[in-house]
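Step one of this worksheet: look at the structure below.
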Amino acid sequence: MTTETIEFDDFTRVDLRIGTVTAAQPNANARKPAYVLTIDLGPLGTRTSSAQITDHYTVDDLVGTQVLCVCNFAPKRIAGIKSEVLVVGGLDAEDRVVLAGFGHPVPDGTPLR
């Protein structure tokens, strides 16, 4: 797969911020297993996300975890949930999502730089 070259200004248009998961529960309406996450994004307030991250994470694992979110996508209804942010991760060798993480805590709402 070839990656398209973009300008730095294109990257700066994506609002990537760090937030803390304050609540997580299974999304019972999802066709594929997913969680409904409540994420504290500091000055941006609390946002909701539906995330297919059940392979590596339990509800208990997620609460208190800092996650990287795309905050400026339009909200999208997913399995009955208004998903307001996209939680970011990578795929492991079996195509299961591994969340992007941080070695040290940072304030909620901190933009990625």
Shape of region 1-67, Cα gyration tensor, a/c cut at 1.5: oblate
Accessible area expressed per residue, region 32-113, with surrounding protein chains retained (probe 1.4 Å, Å²): 58 Å²
5 angstrom amide H check on Leu112, placed H, neighbours 5+ away: Leu16, Arg17, Ile18
Accessible surface of the chain, 1.4 Å probe, proportion on carbon and sulfur as whole %: 52 percent
Amide hydrogen neighbours beyond the local backbone of Thr46, cut-off 5 Å, H modeled: Leu41
Cα gyration tensor category, rounded, prolate or oblate, for the chain with a/c compared to 1.5: rounded
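The values are calculated or read from the model by the stated rules, or taken from the named source; none is laboratory data. Fair warning: this is a prediction, and the values are worked out from it, not measured in the lab. Protein only, heavy atoms only, side chains kept; ligands, DNA and RNA dropped before computing areas. Shrake-Rupley method; radii C 1.70, N 1.55, O 1.52, S 1.80 Å.
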